[in-house]
Every structure is written in C-alpha cells, then in structure tokens.
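In what follows, a structure is listed as structure tokens, so that the remarks can point back to it.
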Amino acid sequence: MAYYEMRAEHSVDIDVDIDWPIAEQRVLRYGYFGKEKLKEIKLLVCNIDGCLTNGHIYISGDQKEIISYDVKDAIGISLLKKSGIEVRLISERACSKQTLSSLKLDCKMEVNVPDKLAVLDEWRKEMGLCWKEVAYLGNEVSDEECLKKVGLSGVPADACSTAQKAVGYICKCNGGRGALREFAEHIFLLMEKVINSCQK
C-alpha cells in the first residue's frame with residue numbers, strides 16, 4: 001500500500017449533483033480509455049475545413065480560393081511524422097488541391113469525399129492497421145462516425161456539439177488555431193503511457 005497524489009485534472013470529488021457535469025467535462029477534456037490497453041497510434045487523419053483551417057474561405061478577384069492555417073499546426077504535423085505517425089488530410093468539400101499542395105505539408109489528402117468513414121477504412125486497411133491504431137481529428141456532423149470508430153478521437157474547441165459528444169478529447173484551441181498541434185501533443189502523451197506500460 002502506498003500514498004499516491006493524483007493530478008488535479010485527473011481527479012474530482014463527486015459529492016453533489018453539480019459535480020457530475022464537472023467530472024464529465026474533465027473526462028472529455030483529458031480523455032478516458034478505461035481498462036483496455038492503449039495501442040500505439042500509427043495514423044492520424046485530420047479534417048481540413050475547421051480543423052487544419054479555421055473554416056474561413058477567401059475568394060480573390062480572379063475567383064481563386066484562399067485559405068489560411070496556423071504554423072503551429074504545421075509543426076505538429078512535422079513532429080508526428082518524425083515520430084513515425086502517418087498524417088493524412090480529408091475533406092467533404094471539393095477543395096482546390098493546388099491550394100492545399102501550396103501549403104507544403106507533404107501529406108496524402110482526399111477531397112470531395114461523400115463518405116469519410118469509407119475512405120478512412122480504406123486507408124486503415126491499406127496500412128494494415130486495426131482501429132485502435134488510428135486517430136482522427138474532426139469537427140463536423142460528417143465526422144461523427146469516424147470519431148466513434150477510431151482508437152483516439154479529438155475535436156477543436158469550436159467543433160459542433162454532435163462531434164464533441166462523439167469524442168474522447170476536446171482541444172482547448174479552435175480549429176485552424178493550434179488544435180492540430182494540441183491534439184498531436186495529446187497523442188505523444190498517450191504514447192508515453194503505452195511505452196511505459198510495455199516496460200513494466
């Protein structure tokens with residue numbers, strides 16, 4: 001028997017009814033995976049509109065599409081790839097591939113996707129992965145099934161309520177404002193736990 005002090009974000013006293021929603025928000029914020037053993041993440045799929053970008057679309061005078069993204073998120077992608085995690089991008093919208101390629105993120109991407117889960121499943125099988133080895137960052141109703149299916153799911157702080165209810169982790173950052181980088185750091189934290197559990 002030993003004394004163990006839990007971190008504040010991982011503990012909450014439930015004494016009265018109002019404590020339950022507080023506990024629920026802690027679980028949504030920091031994630032809970034039960035007693036089932038965590039798997040090492042090998043693939044992260046990120047929705048483009050509202051996750052990589054803030055969802056705003058600018059149209060130039062010559063009718064060209066202009067989007068913006070946060071450099072922090074680009075660094076997050078780079079860090080994930082350096083750690084051996086494949087990063088792929090997906091969108092239900094017919095985004096301009098020329099515009100996306102100009103971001104120089106060096107990620108495989110699929111746009112104009114009517115069924116995101118079907119594409120996600122195809123990518124998973126292509127890499128020979130189980131669902132527990134896949135992570136997904138989404139923000140819309142169209143992401144709900146993907147978020148429920150994968151081993152690790154997350155949404156930006158400004159994701160729609162349907163997406164928020166389907167995930168294990170809600171970022172503090174908004175889409176296009178560091179959410180991808182934050183989710184990457186969450187993945188790294190969990191991977192540390194996987195490594196530590198394997199060493200015991």
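The values are calculated or read from the model by the stated rules, or taken from the named source; none is laboratory data. What you see is a predicted model; the values in this text were computed from it and never measured. Because the Cβ atoms are built from the backbone with ideal geometry, glycine has one as well, and the counts that use them run over all protein chains shown. In case anyone asks, the SASA skips ligands and DNA or RNA and just uses the protein heavy atoms, side chains included. Shrake-Rupley method; radii C 1.70, N 1.55, O 1.52, S 1.80 Å.
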Report summary line: Length gained if Lys149 through Val119 is fully extended, taking 0.36 nm per residue and subtracting the Cα-Cα distance, is 9.5 nm
Query raised in the report: Using a 1.4 Å probe, how large is the accessible area of Met127, given in Å² and rounded to the nearest 10?
Result: 70
**Report entry** Ranked order, Trp131, Trp20, Trp123 - accessible area, probe 1.4 Å, largest first
**Finding:** Trp20, Trp131, Trp123
Report task. Straight distance only, please: which aspartates and glutamates reach the Cα of Lys64 with their own Cα at less than 17 Å, same-chain residues fewer than 8 apart left out? Result -> Asp49
Report summary line: Mean accessible area per residue over the range 111-200 (1.4 angstrom probe, all protein chains present, square angstrom) is 46
Query raised in the report: What's the carbon and sulfur percent of the range 39-199's accessible surface, probe 1.4 angstrom, rounded to a whole number?
Result: 49
Query raised in the report: What net charge do the residues around Asp70 carry, taking every other residue with its C-beta under 13 Å from that of Asp70, with Lys and Arg at +1 and Asp and Glu at -1?
Result: +1
**Report entry** Calculated Rg and Dmax of the range 39-199 using C-alpha coordinates, Å
**Finding:** 15.0, 58
Query raised in the report: Which listed residue (Ala159, Pro114, Val45) has the Cα farthest towards the positive end of the charge dipole for the range 39-199, taking +1 on Lys and Arg C-beta and -1 on Asp and Glu C-beta about the Cα centre?
Result: Val45
Query raised in the report: Full extension from Arg93 to Glu192: what is 0.36 nm times the residue separation minus their Cα-Cα distance, to one decimal in nm?
Result: 32.1 nm
Query raised in the report: Residues with amide H under 5 Å of Arg88's amide H, sequence separation 5 or more or different chain, H placed in the peptide plane at 1.01 Å from N; which?
Result: Leu44, Val45, Cys46
Report task. Nearest 5 is fine: what % of DSSP beta bridges in the range 39-199 come out antiparallel, could you say? Result -> 15
Query - Nearest-20 debye value, the range 91-175 charge dipole, Cβ charges on Lys, Arg, Asp, Glu - result: 200
